[in-house]
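Notes to accompany the following structure.
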């Protein structure tokens, strides 16, 4: 009887440890949706959040461990600008534009603390993180199609609403390799270096920003690594 009680107690202890370890390790994947606002920065706009438009995103995140993840996303966003709101005087007539961007990219996310449903080894249900990555952006006509590379940099925070549901907020600035995102609808041309400065590098390129809320669902639980009883 005593031996059976000890065996039962040991089984209970090992199963409890395995369950805690499984919760601590979490899931491999997250799939979800995001939405929010997007604004453009360039020759036709120099102020944050001016001419904000809508954006939507599909998110797939691979959790390498409790503090590091790789995220793939595909997004569609509207951008617009008006040079009359950005400069005192332009060397050409006032122009405005509006168009849609489509973007796909991969970002690395590193947490400032561990992220888990259970408070295990310094983990928390709410976890801020930074991110950086690379992607491609496509801006179709009305005037001319434009393809470019983009480099997203930003930060966010996510919260475990339940064992398998995550919600979060994220802000990113996406630096593009293009200076042709502005389309002057009135004249059917593209604003490119209107002051004839001929600057080089990222400072002479267009950029845009996403401010997004998202929800993701965990998939594919990581296996328990506790020892098997033989």
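The values are calculated or read from the model by the stated rules, or taken from the named source; none is laboratory data. Note that the coordinates shown come from a computational prediction; the quantities given were computed from them, not determined experimentally. Because the Cβ atoms are built from the backbone with ideal geometry, glycine has one as well, and the counts that use them run over all protein chains shown.
Within the set of pairs 6 or more residues apart or between chains, which connect a residue that is free of Cβ contacts under 8 Å to residues at least 60 places away in the same chain inside the stretch 152-178 to a residue that is in a loop (DSSP other than H, G, I, E, B) and surrounded by 22 or more Cβ atoms within 10 Å (Cβ to Cβ) with Cβ atoms less than 7 Å apart? Note: pairs meeting the criteria are 176/206; 178/206.
Might you check whether a residue that is farther than 30 Å from residue 67 by Cβ, surrounded by fewer than 18 Cβ atoms within 10 Å (Cβ to Cβ), touching a helix residue (DSSP H, G or I) at 6+ places or on another chain (Cβ under 7 Å) and at pLDDT 60 or above occurs anywhere in the stretch 37-52? Yes, that holds for at least one residue. Among the residues of this structure, residue 148 counts as one that is within 21 Å of the chain's Cα centre (by Cα), over 26 Å from residue 221 (Cα atoms) and either modelled with pLDDT of 95 or more or surrounded by 18 or more Cβ atoms within 10 Å (Cβ to Cβ) (or both).
Residue under question is residue 24, and the condition is that it be buried (at least 21 other Cβ atoms within 10 Å of the Cβ) and modelled with pLDDT under 95; does it hold?
no
The set of residues in the stretch 109-119 that are surrounded by fewer than 15 Cβ atoms within 10 Å (Cβ to Cβ) and in contact (Cβ under 8 Å) with a residue 12 or more places away in the chain comprises 110, 112, 113. Only one of the numbered conditions (1) at pLDDT below 95; (2) under 26 Å from residue 66 (Cα atoms); (3) surrounded by fewer than 18 Cβ atoms within 10 Å (Cβ to Cβ) is not met by residue 134, and that is (1).
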